[in-house]
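Visitor: After the structure tokens below, expect a handful of questions from me.
Read-outs: derived from the displayed coordinates by stated rules, not from any lab. As the structure is a prediction and not an experimental result, all values here were calculated from the model. When we count neighbours, we look across all protein chains shown, and the Cβ atoms used for this are built from the backbone with ideal geometry, even at glycine.
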Amino acid sequence: MVNAMIYISTMLYAFLKPMQAIQKLYSHGFNNIELSYDNFSYYLKRGAGLKELMKEVMENIHSFNLNVDVAHLPYGEEIRLAMDPNKLLNVVRDFEIWFKFYSEIGVNLAAIHIPFNNPLINEDSLEYVTRVRNRAIAFFENISKLADEYDINLAIENKVERGVYGYLPNDLLYLINVINNKRLSICLDTGHAIVNGFQPSEFYNSLYKHVSLIHAHDNDGYRDLHLPPFSIGAIHWDKLLNAFKTNKFQGSIVLEVACHREAISDCDNIAKLLTLISKYIEEYIK
């Protein structure tokens, strides 16, 4: 039997502050919400203070009858610094701020990316992949200690960048097996899978025993557009939902959809569409 909860990501309103995005989704009737890093990143790049953004969430989130127990940890340059052995512990200390924050607001599952950087001019392809894999192991060995300390489970997300360590199913399985920490699982990002030429259903079927989180969104098969599921047709959604039923998915499905509009009313329309999509998915996988 499938036992899945469906969430909406605050990424839909990435141009709003984190707490404002949560309130906006709540106003549309969404009670299960994934807190996206995008809302923080948008304002941090514009000079906002991280402590102030976090404080606003902590002071207001418990005033609402909602469930924000899934979140996304920082990615991009924040995590890329972990590729430098001399900066790894600094990255871990920075991440502890997020673990403490997420723990205080009730998050128990967080998506996390695999660190990587570009190849060195004197590396061959095998040397490059091996270096990224070894740095990823060191990173997750340290991060998993924070997961234990703060009682937060982690879902390692498949990469969107083709040819980078972590875009293949066996890359993720290798990390899970080597780190060997019960806190670690896998986040299947449907958009990342299809950009790399894999139907999410086949990606899921090869990993299903370890998948706890789905980031569900659509694209044209080439660009990571974060469109609503069933939008374009590159992804065979019914095959994926059938795979959930066949292999009895137990976890969280996040509609990780972005709004590429300037008018907030346009994003409100997408929110209404996601209401219908979430109901369809719920009925399908019963």
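Visitor: Can you name every residue in the stretch 142-198 that is under 20 Å from V70 (Cα atoms) and either aromatic (F, W, Y) or over 17 Å from the mean Cα position of the chain (by Cα) (or both)?
Guide: K145, L146, D148, E149, Y150, D151, N181, K182
Visitor: Just one of S231, S212 is more than 30 Å from I152 (Cα to Cα) and buried (at least 17 other Cβ atoms within 10 Å of the Cβ); which is it?
Guide: Values: S212 fails: more than 30 Å from I152 (Cα to Cα).
Sole residue among the options that is more than 30 Å from I152 (Cα to Cα) and buried (at least 17 other Cβ atoms within 10 Å of the Cβ): S231.
Visitor: With the stretch 1-62 as the region, which helices (runs of 4 or more DSSP H) entirely inside it contain at least 1 residues that are hydroxyl-bearing (S, T, Y) and within 17 Å of K272 (Cβ to Cβ)? Quick ask: steps written out before the conclusion?
Guide: Numbers: elements: 18-27, 37-44, 50-60.
So the answer is 18-27.
Visitor: State yes or no: is Y102 over 25 Å from L50 (Cβ atoms), aromatic (F, W, Y) and not in a loop (DSSP other than H, G, I, E, B)?
Guide: Numbers: over 25 Å from L50 (Cβ atoms): no; aromatic (F, W, Y): yes; not in a loop (DSSP other than H, G, I, E, B): yes.
Against the criterion (over 25 Å from L50 (Cβ atoms), aromatic (F, W, Y) and not in a loop (DSSP other than H, G, I, E, B)), Y102 does not qualify.
Visitor: Right, here's the next one. Hey, any hits in the stretch 256-267 for a residue that's closer than 23 Å to R162 by Cα and basic (K, R)? Steps first, answer last, please.
Guide: Initially, the stretch 256-267 is screened for residues closer than 23 Å to R162 by Cα, giving 256-258.
Now drop any that are not basic (K, R), which leaves none.
Looking for residues that are closer than 23 Å to R162 by Cα and basic (K, R), one finds none in the stretch 256-267, hence no.
Visitor: Another question, if that's okay. What helices (runs of 4 or more DSSP H) lie completely within the stretch 153-253 and have 1 or more residues being of a type in the set (V, I, T)? Talk me through it step by step, then tell me what you get.
Guide: On the way: elements: 169-179, 190-195, 200-207, 237-246.
It comes to 169-179, 190-195, 237-246.
Visitor: I've got another one for you. Run down L172, L184, L168, L154 and say which single residue is without any contact (Cβ under 8 Å) to a residue 40 or more places away in the chain and either among the aromatic types (F, W, Y) or in contact with a strand residue (DSSP E or B) (Cβ under 9 Å, 6 or more places away or on another chain) (or both). Even if it seems obvious, please write down each step before you answer.
Guide: On the way: L184 fails: without any contact (Cβ under 8 Å) to a residue 40 or more places away in the chain; L168 fails: either among the aromatic types (F, W, Y) or in contact with a strand residue (DSSP E or B) (Cβ under 9 Å, 6 or more places away or on another chain) (or both); L154 fails: without any contact (Cβ under 8 Å) to a residue 40 or more places away in the chain.
Exactly one residue qualifies, and that residue is L172.
Visitor: Next question, about the same structure. It is to be established whether one or more residues within the stretch 111-133 are part of a helix (DSSP H, G or I) and in contact with a strand residue (DSSP E or B) (Cβ under 9 Å, 6 or more places away or on another chain).
Guide: No, every residue in the stretch 111-133 fails to be part of a helix (DSSP H, G or I) and in contact with a strand residue (DSSP E or B) (Cβ under 9 Å, 6 or more places away or on another chain).
Visitor: While we're on this one: Checking R80 against (1) in contact with a Pro (Cβ under 8 Å, 6 or more places away or on another chain); (2) of a type in the set (K, R); (3) surrounded by 18 or more Cβ atoms within 10 Å (Cβ to Cβ), which single condition isn't satisfied?
Guide: (3)
Visitor: Now for a different question. Collect the residues in the stretch 12-31 that are more than 18 Å from S265 (Cβ to Cβ) and either crowded, with 19+ Cβ neighbours inside 10 Å or touching a residue at least 60 places away in the same chain (Cβ under 8 Å) (or both), keeping them in residue-number order. Quick ask: steps written out before the conclusion?
Guide: Step one: filter the stretch 12-31 for residues more than 18 Å from S265 (Cβ to Cβ), giving 17-19, 22, 31.
Within the stretch 12-31, K17, P18, M19, I22 meet the criteria.
Visitor: Please go through the stretch 269-286 and give me each residue that is of a type outside the set (K, R) and within 26 Å of V107 (Cβ to Cβ), ordered by number. Step through it out loud before you land on a result.
Guide: Of all residues in the stretch 269-286, those of a type outside the set (K, R) come to 269-271, 273-278, 280-285.
If the condition is that a residue be of a type outside the set (K, R) and within 26 Å of V107 (Cβ to Cβ), then I270, A271, L274, T275, I277, S278, I281, E282, I285 are the ones that fit.
Visitor: Which number in (1) more than 20 Å from L207 (Cβ to Cβ); (2) touching a helix residue (DSSP H, G or I) at 6+ places or on another chain (Cβ under 6 Å); (3) in contact (Cβ under 8 Å) with a residue 60 or more places away in the chain marks the one condition that K272 misses?
Guide: The single condition K272 does not satisfy is (2).
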